[in-house]
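The structure appears below as structure tokens.
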Amino acid sequence: MRIAQVSAELAPFAKTGGLGDVCAALPRYLVAAGHDVRPFLPLYGNLRAGRDRMVPVGYAQDVPVRLGPRTFTFSLFTTELPGTSVPVYFVRCPALYDRAATYTADPDEHLRFAFLTVAAIESCQRMGFSPDVFHAHDWHAALLPLYLNTLYAWDRARFGGTRTVLTIHNVGYQGTVSARAVDDLGLAPHRSLLHRDELARGRLSFLLHGILYANALTTVSRTHALEMLSPEHGMGMDPYLRARAKDFVGIVNGIDTAIWSPATDPHLAARYDADDLAGKAACKRALLEGLGLPYAASAPVIGVVSRLTGQKGLDLLEGVLPDLLAAADVRFVALGSGDARLEAFFADLARRFPSKAGFTRGYDEPLAHRIEAGADLFLMPSRYEPCGLNQMYSLRYGTPPVVRRTGGLADTVVPFDRRTGEGTGFVFEHATAAGVAWGLKEALTTWLDRPAWARLVRNGMAQDWSWETQIRHYLALYARLHG
Ligand code: ADP
Ligand code: GLC
């Protein structure tokens, strides 16, 4: 199959969260399965890697493209996903992408991603690439199906056989702009295809129009697909998703074991596997020493690596951690940035408990790996979690997750039962401080039962949430679209 992909992130070039991991893994594992895949990404000013190895793509240099009243010019560049032969295509348009951050609050944010989508379509035309599947990710790329049906409807020769898929990684971000943007987006002649009630309310949502026009819709876990059909988790998109329920499936993300495996991870102080966990103890020691916290084999380390946003429920820790750290010999290690109040809370915790708590503010890929390996428990008290990758990384790293039963966390973590020895982590029900406290108490009680703990760790490490396994669900979906 020929597959084109459009996304705002693709690791290691651009990543702020799991979107980047997934949009790198999909092409990698689709190519491994023998398919021709062309992922498109903006050439951001703050690109994290690859700039020095990029080469221009011959037929797509200085291409002027009209979008509404404006003309933007782009050039296409390409390089390979590190360590693979998977090509990644970068849309260079300094006027839109030379900014200090991947995402901005600039008034043309919607244009940056609408243009990415249009440039991906134009690039396919210039490369002579007719995708069987054009796969769009999140609101950034959600206008793709509509653009194919409008601005590019004339090109049946190229896109007549193309089916579109929209994957919603986070329904909380919808790309909603003022209805005045219709013109800028080049959609003024196609008003009749836009959602009328929305326009009447003076707004236009990228995500909604993807939901209306993509041939197939997916989200990133089975439980979250069901949740999204309800007003509580649909964030206003639930009526439209219900209307398209038969075209909407949940596919649990995989993890890229080439990058996330304790047996090969280059970021770790020592490597280990399920048969020999000595390296994990060394990782714990190194993590704590690196943060200036005293090591004690008996004191469990609770780890957090996260974007600091309301979604992640980390504010609930304000009602739990101060008491826990005061009362118990535990360590708490957090990495993340975002919400100023949460940053201040974690920083304050580290000040109040200098021998027990550490906080690293920012984005730090190697440290994320070292926390997965060096922690004993991994905490994710999410209010909602479409899938979550960190809990799957932590299972693989022998670091049992403590999670709220929601979305992908519910699909991937099985509550540990000390009686039967079955299960992989600790799962609490309510997004409250009491819920988190209960989950941590269960975990810390089990920690004291060393044989049970060893069993728990082994269970988690034996789980297979790899892309080798999960990719077949996407392949089956693509095949159904052409069935
Ligand atoms: P989300 O996509 O909602 O942020 P996921 O669990 O799916 O949540 O994915 C988060 C990804 O981002 C993981 O790969 C995690 O290691 C990474 N990550 C999050 N915050 C940081 C950070 N501060 N530094 C490094 N990596 C981070
Ligand atoms: C989103 C979700 C997260 C998911 C990731 C990758 O950012 O918040 O749960 O794992 O996308 O699909």
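The values are calculated or read from the model by the stated rules, or taken from the named source; none is laboratory data. Quick caveat: nothing in here was measured; it's all calculated off a predicted structure. Quick reminder, even Gly has a Cβ in these numbers, built from the backbone with ideal geometry, and neighbours come from all protein chains shown. Just the protein is used for accessible areas: all its heavy atoms, side chains included, with ligands, DNA and RNA removed. Shrake-Rupley method; radii C 1.70, N 1.55, O 1.52, S 1.80 Å.
Taken together, the residues in the range 378-398 that are buried (at least 24 other Cβ atoms within 10 Å of the Cβ), more than 10 Å from ligand 1 (Cβ to nearest atom) and not in a helix (DSSP H, G or I) amount to 5. Looking across V436, V403, V414, one residue alone is closer than 19 Å to G336 by Cβ, more than 15 Å from ligand 2 (Cβ to nearest atom) and under 25 Å from the mean Cα position of the chain (by Cα). It is V436.
Residues considered: P12, P27, P56. Of these, the only one that is within 21 Å of P94 (Cβ to Cβ) and not small (G, A, S) is P56. Residues in the range 183-207 that are assigned to a helix (DSSP H, G or I) and touching a residue at least 40 places away in the same chain (Cβ under 8 Å) were compared, and the one that is nearest to M237 (Cα to Cα) is L207. The numbered conditions (1) open to solvent by 10 Å² or more (accessible area, probe 1.4 Å); (2) touching an Asp or Glu at 6+ places or on another chain (Cβ under 8 Å) are all true for H369 except (1).
Can you confirm whether L349 is surrounded by 18 or more Cβ atoms within 10 Å (Cβ to Cβ), assigned to a helix (DSSP H, G or I) and either outside the structural domain of S230 (by TED's automatic domain parsing) or near ligand 1 (Cβ under 8 Å from one of its atoms) (or both)? Here the answer is yes, as L349 does meet what is asked. For the range 82-107, enumerate the residues that are under 16 Å from P56 (Cβ atoms) and basic (K, R). Correct list: R92 only. All of T164, T176, T150 fail the test of being free of Cβ contacts under 8 Å to residues at least 40 places away in the same chain, under 27 Å from L199 (Cβ atoms), more than 16 Å from ligand 1 (Cβ to nearest atom) and among the hydroxyl-bearing types (S, T, Y), apart from T176. How many residues does the range 144-175 contain that are in contact with a Ser or Thr (Cβ under 6 Å, 6 or more places away or on another chain) and surrounded by fewer than 18 Cβ atoms within 10 Å (Cβ to Cβ)? Residues that pass the stated criteria total 1. Looking across the range 399-420, the residues that are among the small types (G, A, S) and open to solvent by less than 10 Å² (accessible area, probe 1.4 Å) come down to G407, G408.
Table: residues versus (1) of a type outside the set (S, T, Y); (2) not in a helix (DSSP H, G or I).
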| residue | (1), (2) |
| --- | --- |
| V91 | yes, yes |
| A101 | yes, yes |
| T104 | no, yes |
| L111 | yes, no |
| T117 | no, no |
| C124 | yes, no |
| F129 | yes, yes |
| H135 | yes, yes |
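Only one of the numbered conditions (1) within 22 Å of Y393 (Cβ to Cβ); (2) open to solvent by less than 40 Å² (accessible area, probe 1.4 Å); (3) away from ligand 2 (no atom under 16 Å from the Cβ); (4) in contact (Cβ under 8 Å) with a residue 60 or more places away in the chain is violated by G290, and that is (2).
Mind checking which residues of the range 245-265 are surrounded by fewer than 15 Cβ atoms within 10 Å (Cβ to Cβ) and farther than 18 Å from Y393 by Cβ? Selection gives A245, K246. Within the range 325-332, is there a residue that is surrounded by fewer than 16 Cβ atoms within 10 Å (Cβ to Cβ), free of Cβ contacts under 8 Å to residues at least 24 places away in the same chain and in a loop (DSSP other than H, G, I, E, B)? No, the conditions are met nowhere in the range 325-332. Condition (residue is within 16 Å of ligand 1 (Cβ to nearest atom) and either farther than 27 Å from T309 by Cα or charged (D, E, K, R) (or both)) applied to the range 34-47: is it met by at least one residue? Taking every residue of the range 34-47 in turn, none turns out to be within 16 Å of ligand 1 (Cβ to nearest atom) and either farther than 27 Å from T309 by Cα or charged (D, E, K, R) (or both). You will find that of R203, R242, the residue that is over 22 Å from L148 (Cα atoms), open to solvent by 30 Å² or more (accessible area, probe 1.4 Å), at pLDDT 95 or above and not assigned by TED's automatic domain parsing to the domain that holds A375 is R242 and no other.
Checking each residue in the range 434-454 for being part of a helix (DSSP H, G or I) and surrounded by fewer than 18 Cβ atoms within 10 Å (Cβ to Cβ) picks out A434, W438, K441, T445, L448, R450, P451, A452, A454. For the structure I just gave you, tell me whether V457 is in contact (Cβ under 8 Å) with a residue 60 or more places away in the chain, within 23 Å of Y272 (Cα to Cα), of a type in the set (A, V, I, L, M, F, W, C) and away from ligand 2 (no atom under 16 Å from the Cβ). Yes: the conditions hold for V457.
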